[in-house]
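Following: one structure in structure tokens, then a few remarks.
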Amino acid sequence: MKVVLSRRLQALADMVTLGNRVADVGCDHGFLSIYLVQNQISPRVLAMDVREGPLARAKEHIARCGLGSYIETRLSDGLSAYEKGEAQTLVCAGMGGRVMTKILASQEEKAKSFSELILQPQSEIPQFRRFLQDGGYKIQEENILCEEGKYYFMMKAVYTGQEIDNQSELFLEFGEKLLEDRNPVLREYLEYRLKTTLEIEKELNFGEKDRAKERLCQVRQERKRLLEALSYWE
């Protein structure tokens, strides 16, 4: 069985350094782990998940592909079942930024031992970027794509241990590299959000309650940030 990845997972696989051993935390169905081995990107993958059901399915898929000698599965809450040095690349995707922060912070020594972290938080992205910055991680590469109407941010980070200058709120929210590279998908995302704020503002303008006025103020602040971000394309 030759695995073909979704665009989101393919973008993550493309960030992995060729030849690195990989720890896939939150492996779900195991397709990313299988792809990395099938395409000789990684010689060995440790596929881990906190849920028994998805891990059982991953085991089935790995066995069907005949890759049991190259991919080991482990039931693990984050990095709890991982031992330092078993992999060089950490892939952590498909979960909220708060959960991802907890995984990296609760096993800090293990997390910082990887030579690279491929991360795709699905929420709380500005807060997650700040966590990386405050923790001594440097974001080397970023990407964004839209799949089935949903936008996904992903990044490659390395632990440097060095103090990083505080980034602007704009960079934390939308990604410094994405803005500086004038990423076309980011522009599409910004324009989509801008359109949404204008629609919300129209509705709120008819509201008289204090709550509506407070929300209107928030929407206008958001629109200001979006327009500031879009100025990179001018």
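The values are calculated or read from the model by the stated rules, or taken from the named source; none is laboratory data. Since this is a predicted model, take the numbers as computed values, not measurements. Don't worry about glycine lacking a Cβ; one is built from the backbone with ideal geometry, like all the others, and counts go over all protein chains shown. SASA here: full protein model, heavy atoms, side chains in, ligands and nucleic acids out. Shrake-Rupley method; radii C 1.70, N 1.55, O 1.52, S 1.80 Å.
Here are the numbers for the structure shown:
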{"read-out": "Separation of the Glu203 and Arg220 label points, Cα + 7 Å toward Cβ, nm", "value": "1.9 nm"}
{"read-out": "Helix-only CD estimate at 222 nm, as mean residue ellipticity for the chain, using -39500 (n - 2.57) per DSSP H run (n ≥ 4)", "value": "-13500 deg cm²/dmol"}
{"read-out": "Percentage relative contact order, the stretch 39-102, counting C-alpha pairs under 8 Å, at least six apart", "value": "35 percent"}
{"read-out": "Over the stretch 45-157, relative contact order from alpha-carbon pairs under 8 Å, at least 6 apart, %", "value": "21 percent"}
{"read-out": "The stretch 79-146 versus the stretch 26-48: alpha-carbon centroid distance in Å", "value": "18 Å"}
{"read-out": "Antiparallel %, DSSP beta bridges [both residues in the stretch 1-141], to 5", "value": "0 percent"}
{"read-out": "Check: the chain dipole with +1 on Lys, Arg Cβ and -1 on Asp, Glu Cβ, in debye", "value": "440 debye"}
{"read-out": "Paired Rg and Dmax values of the stretch 1-82, which use every Cα atom, in angstrom", "value": "11.4, 31"}
{"read-out": "Average accessible surface area per residue within the stretch 1-52, 1.4 Å rolling probe, Å²", "value": "44 Å²"}
{"read-out": "Contact order relative to length of the chain, as percent, for alpha carbon pairs under 8 angstrom and 6 or more apart", "value": "14 percent"}
{"read-out": "Degrees separating the helix 97-106 axis from the principal Cα axis of the chain, which is the longest one", "value": "50 degrees"}
{"read-out": "Rg over Rh [alpha-carbon atoms, Kirkwood Rh] for the stretch 64-147", "value": "0.99"}
{"read-out": "Alpha carbon Rg of the chain, scaled by the compact-globule rule 2.2 N^0.38 Å", "value": "1.13"}
{"read-out": "The stretch 76-200 shape via C-alpha gyration tensor axes, a/c threshold 1.5", "value": "prolate"}
{"read-out": "Inter-label distance for Ser231 and Glu83, nm, one decimal - labels placed 7 Å from Cα along Cα-to-Cβ", "value": "5.4 nm"}
{"read-out": "On Cα atoms only, tilt of 52-64 relative to the major axis of the chain in degrees", "value": "50 degrees"}
{"read-out": "Amide N proximity, the stretch 173-204 versus Gln127 label position 7 Å along Cα-to-Cβ, cut-off under 16 Å", "value": "173-174"}
{"read-out": "Set of lysines with alpha-carbon distance to Lys138 below 25 Å, sequence-local pairs under 8 removed", "value": "Lys84, Lys102, Lys110, Lys112, Lys156, Lys177"}
{"read-out": "Within the accessible area of the chain (1.4 Å probe), percent carbon and sulfur", "value": "46 percent"}
{"read-out": "Scaled radius of gyration (Cα, divided by 2.2 N^0.38 Å) that the stretch 3-44 gives", "value": "1.01"}
{"read-out": "Potential extension, Lys59-Asp181 segment - 0.36 nm per residue separation minus Cα distance", "value": "40.0 nm"}
